[in-house]
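The values are calculated or read from the model by the stated rules, or taken from the named source; none is laboratory data. In this text, all values refer to a predicted model and were calculated from it rather than measured experimentally. Glycine gets a Cβ as well: all are built from the backbone with ideal geometry, and neighbour counts include every protein chain shown. Heads up: the accessible areas ignore ligands, DNA and RNA and are worked out on the full protein's heavy atoms, side chains in. Shrake-Rupley method; radii C 1.70, N 1.55, O 1.52, S 1.80 Å.
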Amino acid sequence: GIKGGILQTCLWLRGYDKFFLDLAMNKDYADALLEKVLGLYCRMYTNYYREVGEYAQLVYITDDLGTQVSLLMSPKMFREQVKPKFKAFNDHLKSLGDAKIMFHSDGAIDPLMEDLIEIGVDILNPVQTSTKGLENTLELKEKYGSRISFHGAIDVQQIMPNSTVAEIKKEVARRIHDLGTNGGYILAPCHNIGYDIPVENVVALFEA
(Lines give C-alpha, C1' and ligand atoms only; values in the text may rest on other atoms or scores of the structure.)
Protein backbone atom coordinates (compact mmCIF):
# COMPACT_ATOMS: atom_id res chain seq x y z
CA GLY A 1 0.00 0.00 0.00
CA ILE A 2 0.94 3.64 -0.22
CA LYS A 3 1.51 5.89 2.74
CA GLY A 4 2.14 9.56 3.13
CA GLY A 5 0.53 12.61 4.63
CA ILE A 6 -0.63 16.11 3.86
CA LEU A 7 1.92 18.00 5.97
CA GLN A 8 4.78 15.68 5.04
CA THR A 9 4.08 16.16 1.34
CA CYS A 10 4.05 19.96 1.70
CA LEU A 11 7.35 19.82 3.59
CA TRP A 12 8.87 17.71 0.83
CA LEU A 13 7.54 19.94 -1.95
CA ARG A 14 8.73 23.22 -0.41
CA GLY A 15 11.57 22.03 1.80
CA TYR A 16 11.22 21.90 5.56
CA ASP A 17 12.70 25.33 6.23
CA LYS A 18 10.58 27.08 3.60
CA PHE A 19 7.27 25.50 4.52
CA PHE A 20 7.66 26.15 8.23
CA LEU A 21 8.34 29.78 7.31
CA ASP A 22 5.23 29.69 5.11
CA LEU A 23 3.13 28.51 8.06
CA ALA A 24 4.45 31.40 10.17
CA MET A 25 4.74 34.24 7.63
CA ASN A 26 2.87 33.33 4.46
CA LYS A 27 -0.27 31.73 5.83
CA ASP A 28 -2.45 32.16 2.74
CA TYR A 29 0.08 30.32 0.61
CA ALA A 30 0.57 27.60 3.24
CA ASP A 31 -3.19 27.08 3.46
CA ALA A 32 -3.52 26.92 -0.33
CA LEU A 33 -0.78 24.29 -0.61
CA LEU A 34 -2.20 22.22 2.25
CA GLU A 35 -5.64 22.40 0.62
CA LYS A 36 -4.24 21.39 -2.77
CA VAL A 37 -2.43 18.37 -1.32
CA LEU A 38 -5.53 17.45 0.72
CA GLY A 39 -7.57 17.39 -2.48
CA LEU A 40 -5.01 15.21 -4.24
CA TYR A 41 -4.92 12.69 -1.39
CA CYS A 42 -8.72 12.55 -1.21
CA ARG A 43 -8.96 11.85 -4.95
CA MET A 44 -6.16 9.28 -4.75
CA TYR A 45 -7.84 7.34 -1.95
CA THR A 46 -11.22 7.56 -3.65
CA ASN A 47 -9.63 5.77 -6.60
CA TYR A 48 -8.01 3.18 -4.32
CA TYR A 49 -11.27 2.43 -2.56
CA ARG A 50 -13.06 2.07 -5.87
CA GLU A 51 -10.67 -0.76 -6.76
CA VAL A 52 -9.82 -2.45 -3.44
CA GLY A 53 -12.02 -0.86 -0.79
CA GLU A 54 -13.83 -4.06 0.12
CA TYR A 55 -10.49 -5.64 1.08
CA ALA A 56 -8.96 -2.67 2.91
CA GLN A 57 -8.72 -2.98 6.68
CA LEU A 58 -6.20 -0.22 7.35
CA VAL A 59 -5.08 3.10 5.91
CA TYR A 60 -1.58 4.09 7.04
CA ILE A 61 -0.85 7.84 7.10
CA THR A 62 2.60 9.22 7.91
CA ASP A 63 3.03 12.80 9.03
CA ASP A 64 5.78 13.41 11.59
CA LEU A 65 4.86 16.07 14.13
CA GLY A 66 7.64 15.78 16.71
CA THR A 67 11.33 15.69 17.52
CA GLN A 68 12.99 13.78 20.37
CA VAL A 69 12.04 16.49 22.87
CA SER A 70 9.30 18.68 21.39
CA LEU A 71 6.77 19.26 18.65
CA LEU A 72 7.83 20.51 15.21
CA MET A 73 5.39 23.40 15.61
CA SER A 74 3.37 24.93 18.41
CA PRO A 75 0.08 23.28 19.35
CA LYS A 76 -1.63 26.56 18.38
CA MET A 77 -0.17 26.49 14.87
CA PHE A 78 -1.06 22.83 14.46
CA ARG A 79 -4.64 23.34 15.62
CA GLU A 80 -5.27 26.43 13.54
CA GLN A 81 -3.53 25.55 10.27
CA VAL A 82 -2.87 21.82 10.00
CA LYS A 83 -5.43 19.97 12.13
CA PRO A 84 -8.45 21.04 10.02
CA LYS A 85 -6.81 19.49 6.93
CA PHE A 86 -6.04 16.27 8.82
CA LYS A 87 -9.64 16.08 10.01
CA ALA A 88 -11.03 16.66 6.51
CA PHE A 89 -8.80 13.88 5.18
CA ASN A 90 -9.77 11.45 7.94
CA ASP A 91 -13.46 12.28 7.49
CA HIS A 92 -13.11 11.55 3.78
CA LEU A 93 -11.39 8.22 4.44
CA LYS A 94 -14.10 7.21 6.93
CA SER A 95 -16.78 8.09 4.39
CA LEU A 96 -15.25 5.72 1.84
CA GLY A 97 -15.26 2.51 3.89
CA ASP A 98 -14.63 0.74 7.17
CA ALA A 99 -10.82 0.72 7.20
CA LYS A 100 -9.15 1.88 10.40
CA ILE A 101 -6.80 4.86 10.26
CA MET A 102 -3.28 4.23 11.55
CA PHE A 103 -1.38 7.48 11.97
CA HIS A 104 2.42 7.55 12.10
CA SER A 105 4.30 10.29 13.84
CA ASP A 106 7.70 9.97 15.39
CA GLY A 107 8.65 12.20 18.24
CA ALA A 108 7.33 13.78 21.42
CA ILE A 109 3.70 14.21 20.37
CA ASP A 110 1.92 13.73 23.70
CA PRO A 111 0.60 17.34 23.63
CA LEU A 112 -1.37 16.48 20.47
CA MET A 113 -2.77 13.10 21.53
CA GLU A 114 -6.24 14.46 22.28
CA ASP A 115 -6.25 16.23 18.91
CA LEU A 116 -5.38 13.03 17.04
CA ILE A 117 -8.12 11.11 18.83
CA GLU A 118 -10.59 13.91 18.13
CA ILE A 119 -9.97 13.84 14.37
CA GLY A 120 -10.53 10.10 14.11
CA VAL A 121 -7.15 8.39 14.41
CA ASP A 122 -7.76 4.75 15.41
CA ILE A 123 -4.17 3.50 15.85
CA LEU A 124 -1.05 5.46 16.80
CA ASN A 125 2.36 4.39 15.46
CA PRO A 126 5.14 4.10 16.58
CA VAL A 127 4.77 5.19 20.23
CA GLN A 128 8.39 6.32 20.32
CA THR A 129 9.15 5.62 23.97
CA SER A 130 12.59 7.23 23.79
CA THR A 131 10.99 10.69 23.41
CA LYS A 132 9.81 13.17 26.00
CA GLY A 133 6.31 12.44 27.26
CA LEU A 134 5.97 8.94 25.81
CA GLU A 135 8.30 7.10 28.19
CA ASN A 136 5.54 6.17 30.62
CA THR A 137 3.42 3.75 28.62
CA LEU A 138 1.27 2.83 31.62
CA GLU A 139 0.19 6.45 31.93
CA LEU A 140 -0.30 6.64 28.17
CA LYS A 141 -2.67 3.67 28.30
CA GLU A 142 -4.58 5.08 31.27
CA LYS A 143 -5.08 8.46 29.61
CA TYR A 144 -5.89 7.41 26.06
CA GLY A 145 -6.18 3.62 25.81
CA SER A 146 -9.98 3.47 25.81
CA ARG A 147 -10.08 5.72 22.73
CA ILE A 148 -7.07 4.75 20.62
CA SER A 149 -4.93 1.67 19.96
CA PHE A 150 -1.14 1.61 20.00
CA HIS A 151 1.31 0.09 17.50
CA GLY A 152 5.03 -0.16 18.27
CA ALA A 153 6.62 0.95 21.57
CA ILE A 154 9.73 -1.27 21.39
CA ASP A 155 12.57 1.23 21.16
CA VAL A 156 15.18 0.75 18.43
CA GLN A 157 17.36 3.73 19.37
CA GLN A 158 18.69 2.53 22.72
CA ILE A 159 16.90 -0.58 23.99
CA MET A 160 17.20 -2.93 21.00
CA PRO A 161 20.85 -2.14 20.11
CA ASN A 162 22.27 -1.89 23.62
CA SER A 163 20.34 -4.28 25.87
CA THR A 164 21.01 -7.87 26.87
CA VAL A 165 18.60 -10.63 25.87
CA ALA A 166 17.21 -10.63 29.41
CA GLU A 167 16.67 -6.87 29.29
CA ILE A 168 14.91 -7.14 25.93
CA LYS A 169 12.49 -9.71 27.34
CA LYS A 170 11.84 -7.52 30.38
CA GLU A 171 11.17 -4.50 28.12
CA VAL A 172 8.71 -6.46 25.97
CA ALA A 173 6.89 -7.72 29.06
CA ARG A 174 6.65 -4.17 30.39
CA ARG A 175 5.13 -2.75 27.21
CA ILE A 176 2.66 -5.64 26.90
CA HIS A 177 1.58 -5.07 30.51
CA ASP A 178 1.32 -1.30 30.09
CA LEU A 179 -0.30 -1.06 26.66
CA GLY A 180 -1.86 -4.47 26.14
CA THR A 181 -4.12 -4.69 29.18
CA ASN A 182 -7.69 -5.20 27.90
CA GLY A 183 -6.37 -5.22 24.33
CA GLY A 184 -5.62 -2.32 22.03
CA TYR A 185 -1.89 -2.95 21.50
CA ILE A 186 -0.02 -4.25 18.46
CA LEU A 187 3.55 -4.95 19.59
CA ALA A 188 6.26 -3.91 17.13
CA PRO A 189 9.60 -2.12 16.99
CA CYS A 190 9.36 1.68 16.85
CA HIS A 191 11.09 1.65 13.47
CA ASN A 192 13.01 -0.65 11.15
CA ILE A 193 15.37 -3.25 12.63
CA GLY A 194 18.71 -1.54 11.97
CA TYR A 195 22.12 -3.01 11.29
CA ASP A 196 23.21 -1.96 14.79
CA ILE A 197 20.78 -4.37 16.49
CA PRO A 198 22.31 -7.78 17.36
CA VAL A 199 20.54 -10.77 15.85
CA GLU A 200 20.10 -12.37 19.27
CA ASN A 201 18.17 -9.28 20.40
CA VAL A 202 15.82 -9.56 17.42
CA VAL A 203 15.22 -13.21 18.24
CA ALA A 204 14.62 -12.32 21.90
CA LEU A 205 12.04 -9.74 20.86
CA PHE A 206 10.08 -12.27 18.83
CA GLU A 207 10.38 -14.98 21.48
CA ALA A 208 9.17 -12.62 24.21
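The table below lists the values:
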| read-out | value |
| --- | --- |
| Semi-axes of the equivalent ellipsoid for the stretch 109-201, Cα gyration tensor, largest first, Å | 24, 13, 11 |
| Hypothetical label at residue 18: residues of the stretch 29-45 whose amide nitrogen lies under 16 Å (7 Å Cα-Cβ projection) | 29-34, 37 |
| Hull volume in cubic angstrom per residue (convex hull over the Cα atoms of the stretch 59-122) | 68 Å³ |
| Positive-end residue of 105, 186, 202, charge dipole of the chain with Cβ unit charges | 105 |
| Quarter of the Cα convex hull surface for the stretch 2-84, i.e. its orientation-mean projected area (nm²) | 6.2 nm² |
| Cα long-axis angle, helix 27-52 against the chain (0 to 90 degrees, to the nearest 10) | 70 degrees |
| Neighbour cut-off at most 15 other Cβ (10 Å), DSSP loop, chymotrypsin sites (Phe, Trp or Tyr not before Pro), the stretch 99-208 | 195 |
| Theoretical FRET efficiency, 1/(1+(r/R0)^6), r = Cβ-Cβ of residue 70 and residue 98, R0 45 Å, to 0.05 | 0.80 |
| ³J(HN,Hα) computed for each position of the stretch 57-67 - Karplus, 6.51 cos²θ - 1.76 cosθ + 1.60, integer Hz, glycine/proline x | 10, 8, 10, 10, 10, 10, 7, 4, 10, x, 9 |
| Two-site FRET efficiency, residue 80 against residue 162, from Cβ-Cβ distance with R₀ of 41 Å, rounded to 0.05 | 0.50 |
| The stretch 34-103-the stretch 135-208 distance, computed between alpha-carbon centres (Å) | 25 Å |
| Protein accessible area in the stretch 69-117, 1.4 Å probe - carbon and sulfur % | 57 percent |
| Computed label-point distance, nm, for sites residue 181 and residue 202 using a 7 Å Cα→Cβ extension | 3.3 nm |
| Within a Gaussian network of the chain (alpha carbon springs, distance under 10 Å), most fluctuating of 189, 161, 126 | 161 |
| Set of lysines near residue 100 by C-alpha distance (under 26 Å), chain-local residues within fewer than 8 positions excluded | 3, 36, 83, 85, 87, 141, 143 |
